[in-house]
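The structure under discussion appears below in the form of structure tokens.
The values are calculated or read from the model by the stated rules, or taken from the named source; none is laboratory data. Just so you know, these numbers come straight off a predicted model, no measurement behind them. Note: ideal-geometry Cβ built from the backbone for every residue, glycine included; neighbour counts use all protein chains shown.
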Amino acid sequence: MKTYTYTEKKDTRSGFGAGLAELGRTNPNVVALCADLVGSLKMDTFIEENPERFFQVGIAEANMMGIAAGLTIGGKIPFTGTFANFSTGRVYDQIRQSIAYSGKNVKICASHAGLTLGEDGATHQILEDIGLMKMLPGMVVINPCDYNQTKAATLAIAEHNGPVYLRFGRPSVPIFTSVDQKFEIGKAVKMTEGNDVTIVATGHLVWEALEASKALFEEGISAEVINIHTIKPLDEEAILNSVAKTRCIVTAEEHNYLGGLGESVSRVLALNNPTPQEFVATNDTFGESGTPAQLMEKYGLNSTAIIKKAKTVIGRK
Amino acid sequence: MRLKSNSLNMPNTQQLKDLTIQVRRDILRMVHKVNSGHPGGSLGCAEFFVALYNEIMDRNEGFNMDGIEEDLFFLSNGHISPVYYSVLARSGYFPVKELNTFRLINSRLQGHPTTHEGLPGIRIASGSLGQGMSVAIGAAQAKKLNNDSHLIYSLHGDGELQEGQNWEAIMYASAKKVDNLIATVDLNGKQIDGATDDVLAMGNIKAKFEAFDWTVVEIKEGNDIDAILKGMAEAKSKTGQGKPVCVLLETMMGNGVDFMMHTHAWHGKAPNDEQLASALSQNPETLGDY
């Protein structure tokens, strides 16, 4: 079985910051906006190098989304930066009308998604954003798994013409994907080959899925781990090819099971190849204060939870 | 080809007045046909749109979404789409006969304006209120980045100012010296549920804009073409001075149709057959119906 190790941990938001800085040097049409969270979004380098292409809007996210939409008229490629909660729920109608329905080339870049935001608690820990964004016609939804992949995704979305939601996080997590990877929007990455169960994971849960697959292997269970960095458009072929072999699947995400990756996968399976599925996701609940690790443990979003669900779903075959 | 008239010449306001009457007929016939839509505010802004597209804005021929090297207009209060569509069509953006499809299934002329169906002349969807000023500011800042000295014009309802996003945008525009923007507020004093003063009184709107450090130009006769041209020329002269410019345009909702004036009743209601006949008789055909 292919195994993954890491030598360094970094936050995915820093991958975004590095990608944005590179875009600042390579794409003169890229502009950035932020609603008073420059440090948290790691936008400092871009701002330092391209002050004329940065717009600090203050604590006014609705205005930021509208300005971003307007900046596309004139050929700019705006990247907005704030926390996931303020990037989606707070400004849903602005995104819906001025960006998505208007077909504007805005990149909504959202940090501190999910429970791993940690101690600030439920007001800031959005677990509904994937659902909110994937429901918007034409919106691409991406949730990369580590620093390198977030950087690669940031570069890739500048080349895509249309609205994108890019979701990443706060905590330091292992870097296990390659530094020079090519990021293809909508193309899943098979991390391990396996025959007994498919584990489809996104974001921070990809590493947890790999840890789970190692433990399962020790117990004689071979898991096929697929990194679904793009939730919309979903790589249906990758999922169907895998379950044709394994005949059962676990989906894993740092999000409510309602509206998340798991439900998107369920639809693909229901239409094409009904397959037993278990969900590693939050169970229609808000989060709370705590350390990221404590929260992921309490809400069942770690490798232990994935192992348990994998065994359950294998039993349902 | 430039589509701007030279402001040094005396504009032929009689032509604009004739066009305004034809636009009124378009508005009335459009909303009557589908028994829906918003004639009141549309009629109130007919002169403004006619002046804007025929005299005030410096426009390029044809339609290009990016609008490089031309003035751009954003309608924030999208429900007055009838006047917008009529003036866009009669300014050459799409065939005038297409006004016949307003609000019908499979039409590019949706109830509220959208880019989604590819209608030339429209650069942003509007309808859900309060979003247009932010968009206009973004477009204005894109012009600055592109070293394009052309202006951004926008229109907002007075009731629409009750939406909080406007005040985020108003605060931002002056703080960031967005001085290539002329945002016009249609002061007709009315909204769906009644007079703005009764629904949610906004007090002194001029003082509010000035408190947010905008330059304010007042057009007291907002249904008079000459007054609009004079006021907008003044507004234009105040751009480029470090402050955004607000035009307070005092209009009469339902202007040009006696029974639609002095009431908020025609905000979102279409005339019946008899009412249409009466309204059209007050506005005899000038340039030909669609």
Being under 28 Å from A:LEU127 (Cβ atoms), part of a helix (DSSP H, G or I), in contact with a Pro (Cβ under 8 Å, 6 or more places away or on another chain) and within 14 Å of chain B (Cβ to nearest Cβ) is the requirement here; does A:ALA68 meet it?
yes
Based on this model, can you work out whether A:PHE168 counts as out of contact with any strand residue (DSSP E or B) (no Cβ under 8 Å at 6 or more places or on another chain) and of a type in the set (A, V, I, L, M, F, W, C)?
no
Could you identify the single residue in B:ALA195, B:ALA183 that is surrounded by fewer than 24 Cβ atoms within 10 Å (Cβ to Cβ), among the small types (Gly, Ala, Ser), more than 10 Å from chain A (Cβ to nearest Cβ) and touching a Gly at 6+ places or on another chain (Cβ under 9 Å)?
B:ALA195
Restricting the stretch A:158-184 to residues that are of a type outside the set (Gly, Ala, Ser) and not in a loop (DSSP other than H, G, I, E, B), the one surrounded by the fewest Cβ atoms within 10 Å (Cβ to Cβ) turns out to be A:GLU159
Tell me, which residue of the stretch B:137-162 that is among the polar types (S, T, N, Q) and under 19 Å from the mean Cα position of the chain (by Cα) is farthest from the other protein chains (Cβ to nearest Cβ)?
B:GLN162
Return the residues of the stretch A:256-285 that are touching a residue at least 24 places away in the same chain (Cβ under 8 Å) and farther than 25 Å from A:ILE126 by Cβ; say none if nothing qualifies.
A:LEU269, A:ASN272, A:ASN273, A:THR275, A:PRO276
So B:ILE56, is it among the aliphatic types (A, V, I, L, M), touching a Gly at 6+ places or on another chain (Cβ under 6 Å), crowded, with 23+ Cβ neighbours inside 10 Å and touching a residue at least 12 places away in the same chain (Cβ under 8 Å)
no
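Taking B:MET232 as the residue in question, decide whether it is surrounded by fewer than 22 Cβ atoms within 10 Å (Cβ to Cβ) and in contact (Cβ under 8 Å) with a residue 12 or more places away in the chain.
Working: surrounded by fewer than 22 Cβ atoms within 10 Å (Cβ to Cβ): no; in contact (Cβ under 8 Å) with a residue 12 or more places away in the chain: yes.
Answer is no for this residue.
B:ASN60 - would you say it is within 14 Å of chain A (Cβ to nearest Cβ) and touching an Asp or Glu at 6+ places or on another chain (Cβ under 7 Å)?
yes
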Being under 18 Å from the mean Cα position of the chain (by Cα) and away from every other protein chain (no Cβ under 14 Å) narrows it down to one of B:LYS190, B:LYS208, so name that one.
B:LYS190
Criterion: more than 8 Å from every other protein chain (Cβ to nearest Cβ), at pLDDT 95 or above and surrounded by 22 or more Cβ atoms within 10 Å (Cβ to Cβ) - qualifying residue of B:SER107, B:SER81
B:SER81
Kindly list the number of the only condition in (1) closer than 24 Å to B:TYR290 by Cα; (2) more than 10 Å from chain A (Cβ to nearest Cβ); (3) buried (at least 17 other Cβ atoms within 10 Å of the Cβ) that fails for B:GLU70.
(1)
So is A:ASP120 of a type outside the set (A, V, I, L, M, F, W, C), out of contact with any strand residue (DSSP E or B) (no Cβ under 8 Å at 6 or more places or on another chain), part of a helix (DSSP H, G or I) and modelled with pLDDT of 95 or more or not?
no
Do you know which of the residues in the stretch B:60-113 that are at positive phi and of a type outside the set (Gly, Ala, Ser) is farthest from the chain's Cα centre (by Cα)?
B:ASN106
So which of B:ILE152, B:ILE170, B:ILE205 ends up being closer than 24 Å to A:GLY74 by Cα, touching a residue at least 24 places away in the same chain (Cβ under 8 Å) and out of contact with any strand residue (DSSP E or B) (no Cβ under 6 Å at 6 or more places or on another chain)?
B:ILE170
Of the residues in the stretch A:185-219, those that are farther than 22 Å from A:ALA244 by Cβ and either small (Gly, Ala, Ser) or not in a helix (DSSP H, G or I) (or both) come to A:ILE185, A:GLY203, A:HIS204, A:ALA215, A:GLU219
Whichever residue in the stretch A:41-63 is more than 8 Å from every other protein chain (Cβ to nearest Cβ) and hydrophobic (A, V, I, L, M, F, W, C) and, among such residues, is surrounded by the most Cβ atoms within 10 Å (Cβ to Cβ)
A:PHE46
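Filter the stretch A:150-164 for residues that are in contact (Cβ under 8 Å) with a residue 60 or more places away in the chain and over 12 Å from the mean Cα position of the chain (by Cα) and give the result.
Across the stretch A:150-164, the qualifying residues are A:LYS151, A:ALA152, A:LEU155, A:ALA158, A:PRO163.
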Counting only residues in the stretch A:229-274 that are β-branched (Val, Ile, Thr) and more than 22 Å from A:GLU297 (Cα to Cα), the one farthest from the chain's Cα centre (by Cα) is identified as A:THR246
Quick check on my filter: what residues within the stretch A:236-266 are of a type in the set (Asp, Glu) and surrounded by fewer than 23 Cβ atoms within 10 Å (Cβ to Cβ)?
A:GLU236, A:GLU237, A:GLU263
Looking at B:GLY92, B:GLY121, B:GLY62, B:GLY130, which is the one that is closer than 20 Å to B:VAL185 by Cα and not polar (S, T, N, Q)?
B:GLY130
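Quick check: is even one residue across the stretch A:89-107 in a loop (DSSP other than H, G, I, E, B), facing chain B (nearest Cβ under 10 Å), closer than 24 Å to A:PRO137 by Cβ and under 19 Å from the mean Cα position of the chain (by Cα)?
Yes, that holds for at least one residue.
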May I ask you to verify whether B:VAL178 is among the β-branched types (Val, Ile, Thr), within 18 Å of the chain's Cα centre (by Cα) and either surrounded by 22 or more Cβ atoms within 10 Å (Cβ to Cβ) or within 8 Å of chain A (Cβ to nearest Cβ) (or both)?
no
